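Encoded as structure tokens, the structure appears first; notes follow it.
Laboratory data are not the source of any read-out in this text; all were calculated from the coordinates shown. In this text the structure is predicted, and so the values were computed from the model without any measurement. Here the Cβ positions follow ideal geometry from the backbone for every residue, glycine too, while neighbour counts run over all protein chains shown.
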Amino acid sequence: MMMSLFSMFDPSATFNLPLNWIIMLTLLMLLPMKYWTIPSRINTCTKKITMTLHMEFNSLFNQTILKKGSTLIPITLFMWILINNISSNFPYNFCCSAHLSFSMSLSIPLWLSIIIFFWMNLTKTMLSHLVPSGTPNMLMPMMVIIEITSNIIRPMALAVRLTANLIAGHLLMALLGNTFNLTSLHWPIILLIQTTFLLFELMVAIIQSYVFSVLMTLYSSEIS
């Protein structure tokens with residue numbers, strides 16, 4: 001039973017090619033295009049979301065090293081994860097976000113680029129962050145090890161948080177789907193529970209993409 005549940009996360013291969021991973025690129029076609037003279041509702045909604053995220057991320061970045069267009073990375077990250085998370089709730093669709101290979105490929109390169117940038121441009125600031133102010137001299141070596149370990153764990157925690165939440169939600173949806181039977185007298189109640197949980201999963205998809213991008217921005221602002 002457990003293998004049949006987790007098998008829904010296995011990418012199917014055709015001609016020895018994992019074609020399901022291509023869905024990460026085909027979803028780009030769902031992004032709103034400015035093909036119309038009058039903006040559509042999707043374009044208007046996307047613009048409002050983008051401007052709201054821009055103002056929020058702009059307040060999180062350090063203004064001393066903020067460059068024009070710095071908020072473009074977390075906004076793009078939010079939209080990319082959001083589209084993949086929402087599409088994974090449709091039937092017979094491959095959930096890319098539920099794999100560590102997807103989330104780790106986003107968190108590690110971004111976090112590593114932030115670390116390298118600050119170490120090259122703000123070396124003294126990075127060294128001062130390894131030892132918090134007011135630390136006794138005897139605890140300084142231990143605090144350096146703890147701070148380095150916490151910095152290394154951060155991208156892994158981001159990736160595991162995203163993957164674990166989506167895996168748990170999809171497993172519960174699969175379990176609820178196995179209990180649905182039209183011949184049962186309780187099928188309206190089960191259908192109502194499944195619909196409610198599907199709406200909850202849509203909210204989780206939005207929240208997790210927002211948390212991922214905000215935490216990545218907060219981690220960079222904490223270092224600076």
*Using a simple spin-label model with points 7 Å from Cα along the Cα→Cβ vector, what separation in nm is obtained for residue 203 and residue 117?*
3.4 nm
*From the backbone phi of segment 85-95, what are the Karplus-calculated ³J(HN,Hα) couplings (6.51 cos²θ - 1.76 cosθ + 1.60, θ = phi - 60°) in whole Hz, Gly and Pro given as x?*
5, 5, 5, 6, 7, 7, x, 6, 10, 8, 8
*Taking 0.36 nm per intervening residue step and subtracting the Cα-Cα distance, what contour gain separates residue 157 from residue 137 on full extension?*
4.2 nm
_Computed over segment 151-224, Cα set: Rg, Dmax in Å_ = 17.4, 61
*On full extension of the chain, what length is gained from residue 59 through residue 45, given 0.36 nm per residue of separation minus the C-alpha to C-alpha distance?*
2.9 nm
*Across 5 Å bins from the origin, how do the percents of Cα pairs in segment 98-150 run, short distances first?*
4, 17, 19, 19, 15, 12, 8, 4, 1
*Stokes-Einstein translational diffusion, segment 66-136 - Kirkwood Rh over all Cα pairs, 0.692 mPa s, 37 °C, in µm²/s*: 217 µm²/s
